[in-house]
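Here's the structure we're looking at; comments come further down.
The values are calculated or read from the model by the stated rules, or taken from the named source; none is laboratory data. A quick note: this is a predicted structure, and the numbers were derived from the prediction, not measured. Glycine also receives a Cβ, built like all others from the backbone with ideal geometry; neighbour counts cover every protein chain displayed. For the accessible areas, the whole protein counts, side chains as well, though only heavy atoms, and no ligand, DNA or RNA atoms are used. Shrake-Rupley method; radii C 1.70, N 1.55, O 1.52, S 1.80 Å.
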Number of protein chains: 2
Amino acid sequence: MAKRYGAIEAGGTKFVCAVSDGNLNVLKRVKIPTTVPAETMSEVFKFFEENPCDAIGIGSFGPIDVNRNSDTYGYITTTPKEGWANYDFLGEMKKRFDVPYAWTTDVNVAAYGELKRGAAKGLDSCVYLTVGTGVGGGGVVNGKLLEGFGHPEMGHMIMRRHPDDKYEGHCPYHKDCLEGLTAGPAVEARHHGVKAYEIPKDDHDWEIEAYYLAQACMDLTVVLSPEMIIFGGGVSKQEQLFPMMRESFKKQMNGYLKTPDLDKYIVHCALGDDAGITGCLLLAQEEDEKASK
Amino acid sequence: MAKRYGAIEAGGTKFVCAVSDGNLNVLKRVKIPTTVPAETMSEVFKFFEENPCDAIGIGSFGPIDVNRNSDTYGYITTTPKEGWANYDFLGEMKKRFDVPYAWTTDVNVAAYGELKRGAAKGLDSCVYLTVGTGVGGGGVVNGKLLEGFGHPEMGHMIMRRHPDDKYEGHCPYHKDCLEGLTAGPAVEARHHGVKAYEIPKDDHDWEIEAYYLAQACMDLTVVLSPEMIIFGGGVSKQEQLFPMMRESFKKQMNGYLKTPDLDKYIVHCALGDDAGITGCLLLAQEEDEKASK
Ligand SMILES: Nc1ncnc2c1ncn2[C@@H]1O[C@H](COP(=O)(O)OP(=O)(O)O)[C@@H](O)[C@H]1O
Ligand SMILES: Nc1ncnc2c1ncn2[C@@H]1O[C@H](COP(=O)(O)OP(=O)(O)O)[C@@H](O)[C@H]1O
Ligand SMILES: [Zn+2]
Ligand SMILES: [Zn+2]
């Protein structure tokens, strides 16, 4: 029988479910608003009842438990999102669909999609940073998803402040961590509530934004030495940020390390909204292949 | 014939060469001062002529080129150490001894040694940070050495400064990066030239040191999610730093992430000076096994 692979990109505002053929061509795809599990997940279950799959890849908003030795492996853990804290996402799927699963974060699947089919095609490693309502980061190292005792939470790197920045930061845990200083709501709060896309492209605030994002690139470079750092998310649509980030990165690195050509090192995502689903499908396929060995 | 594995831990002040049996029991080991390649390496060559091996693992001071697609793969690259810049370390070895090689940094082999036989035994991931004359970091992710376009240079993470710290930092590239603020020479310069081991254990400067090292742990945690962070190097002999680092880490993380128990997460190395050689031998054995497949 022809193979079918499933994908769930579970985001804080919407879920995307998709099914593909054996070559990962998407056959069907739906968007489901993220409300409470009872509602959202019943749509998800319905989708996969109607579209049976041989394996399913899930990339979920988090924090989630990715530690296979943990009792709560497969759960969404401490999210403030109503109803989702301690939700046994993977367990509820397994109860209904007895297939192999891949289970990781939304940003890890995006990193994987970009690595295999997008900006980082042909490479063995990359980082994917999304700068949107929050800041999240995923990665691939030696061809494998970046995980350890848990998954990365790159949005919470500690930042050296820009000398001109008066904004205190909005992370409820750390105030002025990377997310607290650079996510969309931070950009808007720094600019007294002006929508991020309405701030003039030559405003000094974009320099500040680029400085922090470049600092994150600097830390990611010295820690991970990734072959590419890929940006996604709403804020990264501000194209003027890329030359500014590269310039600031160069200044902050100050010649210490020879990195890949910065125009190809600090880049915008290539797959856009498809990165996550692509990554999920690739991971589903791999799980299926592992299981049929 | 019984197997023999070789190890070279190439440090900035001394080289250690060793040969083991097939079970990685060290049979012979020598120390060679690091002077210029002509001198130091002729001792290394002599050692392996007298002690032939089936495979050799090398962990070298750096920066080194670990990128297999590069023309200078196997070289020490931009070191200020006289004679060693652009030295084709691996090439010179291969010319003389036609065996499989593992080639990585001194800190990556230490991380690998600690993971397989030391503090992180049984785990799949760890970070090893050495705080000595400089600060270096290596890591293992999903059981494999942490490498990408190059190798980590964790000593150069950007730091948020401690409010009480007046010391400007001594990194020639970044001044007050992690290494510039926490390596042995920084500790001594901050304390007006007093030898690090002579600074009273209750001096406030150790709080400052612990704050920066904890900040590094924080950034490493949110980027890598390692199962353990292991400290080595001269400065880490100050045992009082460990409870202080854990305390500061807890404050800086502020409950955002549930990490492993901090007493088992931020730890001193278990193998001490043997970590590097152990890692080299393990990697040599793996290369030998790969080659005989
Ligand atoms: N074109 C744009 N330019 C700058 N900021 C934008 C743009 N589009 C969206 N944003 C910002 O990105 C955030 C939304 O992020 P997005 O990645 O679209 O969704 P989410 O993170 O919720 O999945 C908002 O805070 C908004 O201010
Ligand atoms: N017991 C100690 N306490 C504090 N600092 C120490 C101690 N021993 C060595 N150091 C510091 O560590 C540095 C040497 O680092 P070490 O790891 O021994 O060697 P290297 O980094 O050169 O391989 C020196 O700057 C010294 O000040
Ligand atoms: Zn934060
Ligand atoms: Zn530096």
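Quick look at the values:
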{"quantity": "Scan of the range B:101-114 for residues that are free of Cβ contacts under 8 Å to residues at least 60 places away in the same chain and farther than 19 Å from B:Ala55 by Cβ, ordered by number", "calculated": "B:Val107"}
{"quantity": "Pairs where the first residue, in the range A:54-73, is facing chain B (nearest Cβ under 10 Å) and the second is small (Gly, Ala, Ser), C-beta under 7 Å, 6+ apart", "calculated": "A:Asp65/A:Gly74; A:Val66/A:Gly150; A:Asn67/A:Gly150"}
{"quantity": "Only one of A:Arg190, A:Arg246 that is crowded, with 17+ Cβ neighbours inside 10 Å, within 14 Å of ligand 1 (Cβ to nearest atom) and either among the charged types (D, E, K, R) or within 13 Å of chain B (Cβ to nearest Cβ) (or both)", "calculated": "A:Arg190"}
{"quantity": "Residue identified as within 16 Å of ligand 3 (Cβ to nearest atom) and within 14 Å of another protein chain (Cβ to nearest Cβ) among A:His162, A:His151", "calculated": "A:His151"}
{"quantity": "Where a residue in the range A:223-252 is hydroxyl-bearing (Ser, Thr, Tyr) and its partner, wherever it lies, is open to solvent by 20 Å² or more (accessible area, probe 1.4 Å) and within 10 Å of ligand 1 (Cβ to nearest atom), with Cβ under 9 Å and at least six apart", "calculated": "A:Ser236/A:Thr130"}
{"quantity": "Set A:Glu168, A:Glu209: member being within 22 Å of the chain's Cα centre (by Cα), charged (D, E, K, R) and away from ligand 2 (no atom under 16 Å from the Cβ)", "calculated": "A:Glu209"}
{"quantity": "Subset of the range A:181-195 (residues that are outside any helix (DSSP H, G or I) and small (Gly, Ala, Ser))", "calculated": "A:Ala183, A:Gly193"}
{"quantity": "Near pairs, Cβ below 8 angstrom, 6+ apart or cross-chain, from the range B:149-175 (outside the structural domain of B:Glu209 (by the TED database)) to any residue that is within 10 Å of ligand 4 (Cβ to nearest atom) and of a type in the set (S, T, N, Q)", "calculated": "none"}
{"quantity": "Filter result for A:Thr278 (of a type in the set (Val, Ile, Thr) and within 16 Å of ligand 4 (Cβ to nearest atom))", "calculated": "no"}
{"quantity": "Strands (runs of 3 or more DSSP E) wholly inside the range B:1-77 containing at least 2 residues that are under 30 Å from A:Leu123 (Cα atoms), at pLDDT 95 or above and not β-branched (Val, Ile, Thr)", "calculated": "B:4-10, B:55-60"}
{"quantity": "Evaluation of B:Glu247 against (1) away from ligand 2 (no atom under 16 Å from the Cβ); (2) assigned by the TED database to the domain that holds B:Ile158; (3) touching a helix residue (DSSP H, G or I) at 6+ places or on another chain (Cβ under 7 Å); (4) not basic (Lys, Arg) (one fails), failing number", "calculated": "(3)"}
{"quantity": "Residue in the range A:180-200 that is within 18 Å of A:Phe249 (Cβ to Cβ) and within 16 Å of ligand 3 (Cβ to nearest atom) present", "calculated": "yes"}
{"quantity": "All positions within the range A:23-53 that are touching a residue at least 60 places away in the same chain (Cβ under 8 Å) and either more than 28 Å from A:Ser292 (Cα to Cα) or open to solvent by less than 30 Å² (accessible area, probe 1.4 Å) (or both)", "calculated": "A:Leu24, A:Cys53"}
{"quantity": "Matching residues in the range A:211-238 - criterion: being more than 7 Å from chain B (Cβ to nearest Cβ), within 14 Å of A:Phe249 (Cα to Cα), assigned to a helix (DSSP H, G or I) and open to solvent by less than 10 Å² (accessible area, probe 1.4 Å)", "calculated": "A:Tyr212, A:Leu213, A:Ala214, A:Ala216, A:Cys217, A:Thr221"}
{"quantity": "Some residue of the range B:267-284 being farther than 30 Å from B:Ile56 by Cβ, open to solvent by less than 20 Å² (accessible area, probe 1.4 Å) and at pLDDT 95 or above", "calculated": "no"}
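Residues are listed down the side, and each one gets a yes or a no for (1) within 16 Å of ligand 2 (Cβ to nearest atom); (2) assigned to a helix (DSSP H, G or I); (3) surrounded by 24 or more Cβ atoms within 10 Å (Cβ to Cβ):
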| site | (1), (2), (3) |
| --- | --- |
| A:Ala110 | no, yes, yes |
| A:Glu114 | no, yes, yes |
| A:Leu123 | no, no, no |
| A:Gly138 | no, no, yes |
| A:Glu179 | no, yes, yes |
| A:Tyr197 | no, yes, no |
